[in-house]
Amino acid sequence: MTLNFILNGKNLSVETSPDRRVVDLLREDMGLSGTKECCGSGECGACTILVDGESRLSCLMLAAQLEGRTLLTIEGLASNGELHVVQQAFVEHGAVQCGFCTPGMVLATLDLLRRIPEPTREEVRRELSGNLCRCTGYQKIVDAVMAAARTLHGGMS
Amino acid sequence: MLGNKNMQNHEVREIGVIAPRIDALTKVTGAENFAADLYPEGFLWVGVKRSDFPHANILAIDGLAASKLTGVTAVLTHRDIKGSNRLGIFEKDQPILADKTVRHYGDAVALVVAESKAALTEALAAIRVEYEPLPPVFDPEAALETGAPILHPTRPAGNVLIKSEIVCGNGAANLEKCAFQATVKIRTGWQEHAFLETQTGVAWMEEDETLSMTVSTQTPFRDRLELAEALGISPAKIHVVAPCLGGGFGGKDGVTVQGFLALAAMHSGGRPVKIYYSREESILAGTKRHPLRAEYTVGCDQDGVLQTLSCRLLFDTGAYASLGSEVFALAMEHAGGPYRIPNVSILGSAVYTNNPVSSAFRGFGVPQAAAAMEQVIDELAKAGGFDPLELRRKNAVRRGDTSPTGVLLTQTTGILECLDQLERHPLWRQRTKWGESAPAFKRRGVGIATIYHSVGFGPAIADYANAKLEILTDGKFRVYAGVSDMGQGNASTYAQIAGHILCQPHEIMDLVLPDTARTLPSASSSASRTTFTYGNAMIGAAELLRDRIRARAALMISFQLLHSVPIEEIALLPGVARHLPSGRSVPLSLVATMMDTSERTATHSYTCPVNNQPIASGENLRMHGFPHRVVTYGAQLVTVEVDTLTGETAVCDMLNCVDAGRVLNPQAYEQQVQGGAAQGLGYALFEEFAVADGRILTGDFSTYILPTALDVPDMVTEPVTPDEKDGPFGMKGVGEIGIDGVFPAIANAIAVATGVRITAETMSAEKVLAALRQTGQEGRP
C-alpha cells in the first residue's frame, strides 16, 4: 500500500507492506540506520523515534500506523550542520560511549524535555528508564539531559 | 563536520584534560555506521539452525527440503567446511558447525542463506536433524564424578578443562594457629554481556578470492588466524574490518558470527551476506561470565594481621573452552585479593558441562573471586571485632610486597591511597548515621570492598600493538587504530595522544578503525590493555612523525634564512611548524607536500614487558597469563537501603576510589569506572541468569533484567594517580577495575543492614525477602 507521512521534514509517499515493522522500513528500505534495533520487543528503547513529537518504539510499530503522521528520526535532528542542543550536551558531557543506545536516548530526551522543561535528576532517570544503556551507568546521560534543559530553558526565558 | 561554534573552535587537548570523543559526534547524529548498519547491495541473509538437545550425537542432517524452498540460495553443514572446523584460542574444541556431537542448546548445526528473512525462517524450520541423545551433565561438581558423561572424549583430563593449585608458606595448615577465622561459601551465576548491538556482520568474496568481512569484533587480527585454520584458507586471503562496536565487554573477544559469515560468503558466488542475531539468539548462542562455586576460609592473628587463606574455586566453563583457561588463571592469580597473606592454599578447577559457554567478560574471573574474598574479609572483621576498613588497610599490599599468590609487586601499588580516599569520604565517615537514619520498613547499611586487577596478557602471549600515523597533504593527520573500539573511546584517545605530542587538535584527525588491510596488526581490545599497549606504540609513532616534520620544516626554513636550522629550533603549533628564533612559520600542509609518501607515515611497534619472576606454584597457569606485572587497584563503597516488605535493595550511593595510574582523559576515565560499576550493580542485584537442564530461561530482556537509569545512583569517582612508568603518560588501564568490587560491596552492605548474606547468585528481592523471613525481619517497621 502507499503511505503518506512526513519524515524529518519531508513529505513522503512510500510503497510498502502495511505490516512491515517501522524499524525495518527505516533501516532496511530507507537507509536510515541511525535508528537502532537491539531487542525487537520493546524492552530497550534503542529504536525510539518521535511520532508527532512523542517517543515511540519503531520495533513495535507497523508501517500502516505511519499514515498522516510526522516522524522524526535521529538523522533529522541536526539542522544546517548544527547539532541540536541535546546532541551537543550528549557530546560534551560524555554521555556517548558505544553509541548504540544514543539515538534512542537523544530522541527520548527530546520528548522528555518537551513535557518537563525543567526536570529534576530523579525525573530524568524515571523518564529515561525505558531506554537501556549498557556502557555508561547513566550518570553522564543524566548530566547531559540536565545541561540541555538548562540551555533550552535559558534560551526561552 | 557537524558541530556548534565551540566544537569548530578546535583546541589542542593535552593529555590529562577532558577531551570530547571524536566518535561521539557521529554517534549522536546517527551517522556512525556499525556493523549492524550495513546492508550491502544485493545481500543475502544468513541464519543458523541450532541444536534441539543439550548433548547428542548427530546421526543425519537433511537440508534437501529446505534448500528447495523459494528464496533459499544455500543450506550448509559441516560437510561444506574444508578446514579443521575447530575454533578456539588454546583449546581448539569448538566447531563452527557441529559435525558429530552437539554439546549445548546454542550449538550451530546448519546454516541457511536466503533472499529474505521470511525465506530464512521457513528454511531453518524445514531442516531435519536426526539425533541420538546422550546423557548430559549440568552440574560442575557432577561433571567431576567418575562415570559422568564426558563432553570431549579425546581429552585426557575428562571434563576438567584446567586445574591448578597455588600454595604459599604453610598453606591451609596454618589455619590452626589463627586467633580468628571466618568462612564463606558462595555461588555466583552467569552474567550476560547484553551489549546493545548483538553479534553481527557482513561478508563477501572479492574477485581475487579474498574473503572480505566487516564484523562487530574485539579481535580482528586474531580472527583471521582462527578462521583460516578452521576453514582451511590462507589468512592472507581474509580481510577483516572492525567498525565501532555497539558494546563488547568481552563477549566479542574471538569468533562469534565470523565462521558463519565466511562459510556463507564462500557459497554465495560473490553476493554479500549478512547475519544479525536477534536478542534471543544472542543470549542463546553468546558466551557468558563464568559461574563460580567458592569456599573461602581466612584467618588472622589477635591484631587482625592476616595469616592464612584457604579456598577452593570451581568454574563452570560450559560446553567449550573458549577463553575459560585464561579467565580461570586470572581468577586464581587474584583469588587472595590485594593483601599480604603469608600462608595460602588456593585450589581451583574449571570444568566442562552441557551449559552455555562461558568466556571473557569484563573483569575476567576477578569479580567472581572478589565476590568471595571480600565477603569473607568482612566476616573475619566481624569475628575478630575489627573495623572492616582498618582490617583491609592493615593487610593491604605495598609496592615490593608479594601478593597472596606469590607475585612480586614491582610496579605502582596505590591500594593504601584508595583506602585513604575512601576513609576520608563522608559516605564512610557517616556510615553509622546512615544506618540509624533508615525510615520505617527500611534497613540501611554501608559496605566496602578492596580489589585489584592486572593489566594485559601476562607472559604467555605477546601483548603488542603497532601504531600507524600519517600526515596528509592538507596538513591534517590520520590515525590508524589497530585495536577495536568497542565503545570505550580508545581510538579517540589514540588521536588525543598524537595531538598532545604533535601539538594539534585531535578532534579533526581522521580515524581509521581496525582493518587488516590498512591498520597494522595489534592484539585485542581487552584485558585493560587497549590504551596501555597501543598508547605506548602511538607515542613512538607520533614522536617519530613529529621529528620528521620538524626536520623537513627546518630544511625549508634554512633555505629562507640561508643558514642551517637545527631541528631543536622548530616547534609544532596547530597547523604550522614554527622556527622559534626567527618567528617564521611553515604551514603543515606545505611541509607535508614536501615529504615523500613513505615519510608521511610513521609506525612504531610496542610489546609490553612481562613479569619473569619464578613462580613457586601454579606453573601450569603461566601459559594462560600468570603472573602479571602492572596492576590496578581500587576500593569501592556502596550505601544500600533494603525494603523489609519487598526484599528489594536500592543502591543509594557509590564511591569508587581507583588507582589506574595517571588519567589521560578524565571524562573517558569516569565513563569506564561508572559503566563498569553499573554492570557490577546489575550482576549483584538484578541479572539472574536462569538455566534449567541446559536450557536458558532468561532468554530475552523481559526476563533477563538489566539495570535502568532508576537503579544506578550518581557515583563519586576518586582517582589515585601514581605515575606508572610502564604506561603511556603514567597510566595503567581502567577498563575493568570498576566492576570488580561492586558485588561484594553490596553483599557486605546488605549484611550490615540486615545481618543476612545471600550466598547463591544475585541478591534478588525474592531471596532477600526469604532471608528476612527466616530471620524474623520480614515486614518489620
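Laboratory data are not the source of any read-out in this text; all were calculated from the coordinates shown. Note that the structure is predicted; figures quoted are calculated from it, not measured. Positions of Cβ are backbone-derived with ideal geometry, glycine not excepted, and every protein chain shown enters the neighbour counts.
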Quiz prompt | Value of Rg to Rh for chain A (Rh from inverse mean 1/r over Cα pairs, i.e. Kirkwood) | solution = 0.97
Exercise. Please work through chain B and write down the cysteines that have no neighbouring cysteine Cβ at a distance under 4.7 Å.
Key: B:Cys168, B:Cys178, B:Cys244, B:Cys300, B:Cys311, B:Cys503, B:Cys608, B:Cys652
Practice problem: Quick one: compute the contact order of chain B, relative version, from alpha carbon pairs under 8 angstrom and 6+ residues apart, as a percent. | Solution: 16
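Any chance you could tell me what percent of the C-alpha pair distances in the stretch A:2-76 go past 18 Å?
28
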Quiz prompt | Proxy reagent accessibility, fewest Cβ within 10 Å first, across B:His193, B:His563 | solution = B:His563, B:His193
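DSSP loop GluC sites (Glu not before Pro) in the stretch B:629-688 with at most 14 other Cβ atoms within 10 Å of their Cβ, which ones?
none
Ignore the peptide's own chain and count Cβ atoms of other chains within 10 Å of each Cβ in B:18-24; give me the average, rounded.
Per-residue shielding by partner chains comes out at 4.
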Exercise. Any chance you could tell me what percent of the C-alpha pair distances in the stretch A:67-157 go past 20 Å?
Key: 31
Practice problem: Could you tell me which of B:Pro153, B:Ile539, A:Pro119 has its Cα farthest along the dipole of the protein assembly as shown towards the positive end, charges placed at Cβ (Lys, Arg +1; Asp, Glu -1), taken about the Cα centre? | Solution: B:Ile539
Exercise. Identify the residues of the stretch B:36-70 with backbone N under 19 Å of a label point that sits 7 angstrom from the Cα of B:Ala692 along the Cα-to-Cβ direction, or state none.
Key: B:52-55
Quiz item: Using r as the Cβ-Cβ distance of B:Leu408 and B:Arg622, and R0 as 22 Å, what FRET efficiency do you calculate, to the nearest 0.05?
Solution: 0.90
Quiz prompt | Antiparallel DSSP beta bridges within the stretch A:2-76, percent to nearest 5 | solution = 85
Self-check item: Student exercise, chain A dipole from Lys, Arg, Asp, Glu Cβ charges, in Debye to nearest 20
Solution: 280
Quiz item: In what sequence do A:Cys133, A:Cys38 fall when counting other Cβ within 10 Å, fewest first?
Solution: A:Cys38, A:Cys133
Practice problem: Could you calculate the contour length gain from B:Glu207 to B:Thr603, that is, 0.36 nm times the residue separation minus the distance between their Cα atoms, to one decimal place in nm? | Solution: 139.5 nm
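If you put +1 on each Lys and Arg Cβ and -1 on each Asp and Glu Cβ, how big is the dipole of the stretch A:1-84 around its Cα centre, in Debye rounded to 20?
With Lys and Arg at +1 and Asp and Glu at -1, about 40 debye.
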Quiz item: What is the distance, in nm, between label points placed 7 Å from the Cα along the Cα-to-Cβ direction at B:Leu580 and at B:Glu390?
Solution: 5.5
Quiz item: Nearest 0.05, what FRET efficiency do B:Lys725 and B:Leu225 give at R0 = 41 Å with Cβ-Cβ as r?
Solution: 0.80
Quiz item: Points 7 angstrom from Cα along the Cβ direction at B:Ala770 and B:Ala118: gap in nanometres?
Solution: 4.7
Quiz prompt | Difference of contour (0.36 nm per residue) and Cα-Cα distance, B:Thr183 to B:Asp547 | solution = 125.0 nm
Quiz item: Over the Cα atoms of the protein assembly as shown, how large are the radius of gyration and the largest Cα-Cα distance (Dmax), in Å?
Solution: 27.9, 93
Quiz item: Listing B:Asp301, B:Asp723, B:Asp223 from the residue with the fewest other Cβ atoms within 10 Å to the one with the most, what is the order?
Solution: B:Asp723, B:Asp301, B:Asp223
Quiz item: So what are the radius of gyration and Dmax for the Cα set of the stretch B:292-367, in Å?
Solution: 14.2, 47
Practice problem: Compute the label zone of B:Thr593 within the stretch B:474-488: residues whose backbone N is under 11 Å from the point 7 Å along Cα-to-Cβ. | Solution: B:474-475
Quiz prompt | Neighbouring partner chain Cβ atoms per residue of B:193-199, average, 10 Å criterion | solution = 6
Quiz item: What is the calculated FRET efficiency for B:Asp474 to A:Asn4, with r their C-beta to C-beta distance and R₀ = 30 Å, to the nearest 0.05?
Solution: 0.10
Self-check item: Cβ-based net charge around B:Pro404, under 12 Å, with every Lys or Arg adding one and every Asp or Glu removing one
Solution: -1
Exercise. Just subtract the alpha-carbon distance of B:Asp401 and B:Glu648 from 0.36 nm times their residue separation and send over the number in nm, one decimal.
Key: 84.8 nm
Quiz item: Quick one: what does P(r) look like for chain B with 20 Å bins over all Cα pairs, in whole %?
Solution: 16, 46, 31, 6, 0
Quiz item: Given chain B, what percent of its DSSP beta bridges are antiparallel, to the nearest 5?
Solution: 80
Exercise. Take the stretch B:725-781, drop everything but the C-alpha atoms, weight them equally and run the Debye formula without solvent; then report log10 I(q)/I(0) at 0.12 Å⁻¹ to two decimals.
Key: -0.43
Quiz item: Lys/Arg Cβ at +1, Asp/Glu Cβ at -1, dipole of the stretch B:618-697 taken about the Cα centre: which of B:Leu655, B:Leu637, B:Phe626 is farthest positive-ward?
Solution: B:Phe626
Practice problem: Would you please name the trypsin sites (Lys or Arg not before Pro) within the stretch B:714-758 that are DSSP coil residues with at most 15 other C-beta atoms within 10 Å of their C-beta? | Solution: B:Lys725
Quiz prompt | Distance between modelled label sites at B:Glu778 and B:Ala142, nm, 7 Å Cα→Cβ extension | solution = 2.9
Quiz item: Which whole number gives the average, over all residues in A:26-36, of C-beta atoms from other chains lying within 10 Å of the residue C-beta?
Solution: 3
Quiz item: Could you give me the ³J(HN,Hα) list for the stretch B:481-491, computed from phi with Karplus coefficients 6.51, -1.76, 1.60 and θ = phi - 60°, whole Hz, x at Gly and Pro?
Solution: 8, x, 10, 4, 9, 8, x, 7, x, 4, 4
Quiz item: Under the definition of Cα pairs under 8 Å and six or more residues apart, what whole-number percent is the relative contact order of the stretch B:8-98?
Solution: 11
Self-check item: Debye, to nearest 20: dipole size of the protein assembly as shown, +1 on Lys, Arg Cβ, -1 on Asp, Glu Cβ
Solution: 900
Quiz prompt | Violating pairs (Cα-Cα greater than 28 angstrom) within the set A:Lys10/B:Lys274; B:Lys49/B:Lys252; A:Lys36/B:Lys442 | solution = A:Lys10/B:Lys274; A:Lys36/B:Lys442
